[in-house]
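Each remark here refers to the structure printed beneath this line.
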Amino acid sequence: QVQLVESGGGLVQAGGSLRLSCATSASIFSVNRLGWYRQAPGKQRELVATITSGTRTNYADSVKGRFTISRDNAKNTGYLQMNSLKPEDTAVYYCNAAKINWRGVTEYEYWGQGTQVTVSS
C-alpha cells in the first residue's frame, strides 16, 4: 500500500515563498514520476509540475521561473519550492506518484490528501 503525505502549506503574503513536501512510501522501483497538481475553488484540477526518475522536469506556463520541483530518492520525498507567490496561486496542492510505461501511459498512480496554500494580496 503506497501512501503519500503532503505538508508545508499555509498562509503567505504575495511575493513570499513556501516549500511543499511529499513523503511517500513508494520507491524508484515502483514509481518513476512525481508530480504536483492544484485545484482552486470553482476551478478544475491542473498540473503544476512533474519530475521523472531521470530528473526531467515539466512546468505549467503559469509557474515557470517561479516554482521548482525536486526529489530526494534516499528519503522517498518530493518537493515543490514556490517563490514569488501570487494570489492566483491560492489552491489545494496535491502530490501524485505514478508509474509511466515506455509508451507514456500511466499504469498506476497514487494521490496525497492535499495541502492548502493561501496567498494574500
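Quick check on Gly35: is it at pLDDT 95 or above and more than 12 Å from Thr115 (Cβ to Cβ)?
Considered against the rule, which asks whether it is at pLDDT 95 or above and more than 12 Å from Thr115 (Cβ to Cβ), Gly35 comes out as yes.
Could you check, for the stretch 1-11, whether at least one of its residues is in contact with a Lys or Arg (Cβ under 9 Å, 6 or more places away or on another chain) and in a strand (DSSP E or B)?
no
Residue by residue through the stretch 19-44, note down the ones that are open to solvent by 30 Å² or more (accessible area, probe 1.4 Å), in contact (Cβ under 8 Å) with a residue 24 or more places away in the chain and among the hydrophobic types (A, V, I, L, M, F, W, C).
Ala23, Ile28
For the stretch 91-118, enumerate the residues that are more than 14 Å from the chain's Cα centre (by Cα) and within 20 Å of Gly9 (Cα to Cα).
Thr118
Here's the yes/no breakdown for (1) assigned to a strand (DSSP E or B); (2) aliphatic (A, V, I, L, M); (3) free of Cβ contacts under 8 Å to residues at least 12 places away in the same chain; (4) out of contact with any Cys (no Cβ under 8 Å at 6 or more places or on another chain):
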| residue | (1), (2), (3), (4) |
| --- | --- |
| Asn58 | yes, no, yes, yes |
| Asp61 | no, no, yes, yes |
| Lys64 | no, no, yes, yes |
| Tyr79 | yes, no, no, no |
| Lys99 | yes, no, no, yes |
| Glu109 | yes, no, no, yes |
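Check Val63 against each of (1) more than 18 Å from Leu18 (Cα to Cα); (2) in contact with a helix residue (DSSP H, G or I) (Cβ under 8 Å, 6 or more places away or on another chain) and name the one condition it does not meet.
(1)
Is one or more of the residues making up the stretch 45-58 open to solvent by 60 Å² or more (accessible area, probe 1.4 Å), at pLDDT 95 or above and among the hydroxyl-bearing types (Ser, Thr, Tyr)?
There is at least one residue in the stretch 45-58 that is open to solvent by 60 Å² or more (accessible area, probe 1.4 Å), at pLDDT 95 or above and among the hydroxyl-bearing types (Ser, Thr, Tyr).
For the stretch 59-72, what are the residues that are open to solvent by 60 Å² or more (accessible area, probe 1.4 Å) and either under 12 Å from the mean Cα position of the chain (by Cα) or at positive phi (or both)?
Hits for the stretch 59-72 are Gly65, Thr68.
Looking at the stretch 73-101 only, could you name the residues that are open to solvent by 60 Å² or more (accessible area, probe 1.4 Å) and aliphatic (A, V, I, L, M)?
Within the stretch 73-101, just Ala74 meets the criteria.
The values are calculated or read from the model by the stated rules, or taken from the named source; none is laboratory data. Owing to the predicted nature of the structure, the values given are computational and were not obtained by experimental measurement. Positions of Cβ are backbone-derived with ideal geometry, glycine not excepted, and every protein chain shown enters the neighbour counts. Note: accessible area is taken over every heavy atom of the protein model, side chains too, but ligands, DNA and RNA are not part of it. Shrake-Rupley method; radii C 1.70, N 1.55, O 1.52, S 1.80 Å.
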